[in-house]
1. Given the conditions (1) over 27 Å from residue 126 (Cα atoms); (2) assigned to a helix (DSSP H, G or I); (3) at pLDDT 95 or above, and given that residue 10 satisfies all but one, which numbered condition is not satisfied?
2. Could you grab the pairs with beta carbons closer than 8 Å, sequence gap of 6+ or different chains, first residue in region 107-130 and over 13 Å from residue 95 (Cα atoms), second one among the acidic types (Asp, Glu)?
3. Please work out if residue 32 is over 13 Å from the mean Cα position of the chain (by Cα) and at pLDDT below 95.
4. For residue 50, work out the one condition from (1) within 19 Å of residue 113 (Cα to Cα); (2) open to solvent by 30 Å² or more (accessible area, probe 1.4 Å) it doesn't fulfil.
5. If I filter region 53-71 down to residues being touching a Gly at 6+ places or on another chain (Cβ under 9 Å) and outside any loop (DSSP other than H, G, I, E, B), which single residue comes out as most open to solvent (accessible area, probe 1.4 Å)?
6. Say we look at region 113-130 and pick out the residues that are over 11 Å from the mean Cα position of the chain (by Cα) and small (Gly, Ala, Ser); which of these is least open to solvent (accessible area, probe 1.4 Å)?
7. Of the residues 83, 104, which is within 11 Å of the chain's Cα centre (by Cα) and either loosely packed, with under 15 Cβ neighbours inside 10 Å or in a strand (DSSP E or B) (or both)?
8. So residue 110 ticks every box in (1) farther than 30 Å from residue 42 by Cβ; (2) over 11 Å from the mean Cα position of the chain (by Cα) but one. Which box is left unticked?
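The values are calculated or read from the model by the stated rules, or taken from the named source; none is laboratory data. This one's a predicted model, so the numbers in the text were calculated from it and none came from an experiment. No Cβ is skipped: glycine too gets one built from the backbone with ideal geometry, and neighbour counts run over all protein chains shown. With ligands, DNA and RNA removed, areas are computed over all heavy atoms of the protein, side chains included. Shrake-Rupley method; radii C 1.70, N 1.55, O 1.52, S 1.80 Å.
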Amino acid sequence: MKLKSLGTITLVLATLLLAGCRSAPVYNVSDAHYTTTEQGVTEADIAAAILTAGRSLGWIMKEQGPGHILGTLHLRTHTAVVDINYDRTKYSITYNSSVDLDYDGTNIHSNYNGWIQNLSNAIDVQVSNL
């Protein structure tokens, strides 16, 4: 009887552990167009809006060159690094690297995708305010 109970407890614990390790395909933002209506918006304005959006969410944002920003987010033991490529009409957010997010070449911890969606939403808000 004790063996059967031990087996049931082990099965329940294994199920809970697996449920806690959620993974999903990596979410990238590709050629998202801005909703700003201002005609005089410059690439420098867009860069400033993207930098502000990322920093407001705790991302470390570093300009790498014209039209390219590297974003890094550190949360607890996790690190996510993304490339943000942009011009005056659109932007993309692409996975670069990560630490402790179980990236396997296709899938990653599902929290990563939420962080990217939040970053994209913040960029949209900042650019729409230009």
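1. The number of the failed condition is (3).
2. 130/38; 130/45
3. Values: over 13 Å from the mean Cα position of the chain (by Cα): yes; at pLDDT below 95: no.
No: the conditions fail for residue 32.
4. Here residue 50 meets the rest and fails (2).
5. Of the residues in region 53-71, the ones touching a Gly at 6+ places or on another chain (Cβ under 9 Å) are 54, 59-62, 69, 71.
Filter again for outside any loop (DSSP other than H, G, I, E, B), leaving 54, 60-62, 69, 71.
Working: 54: 0, 60: 81, 61: 10, 62: 119, 69: 0, 71: 0 Å².
By that ranking, first place goes to 62.
6. 122
7. Numbers: 104 fails: within 11 Å of the chain's Cα centre (by Cα).
The match here is 83.
8. Residue 110 satisfies every listed condition except (2).
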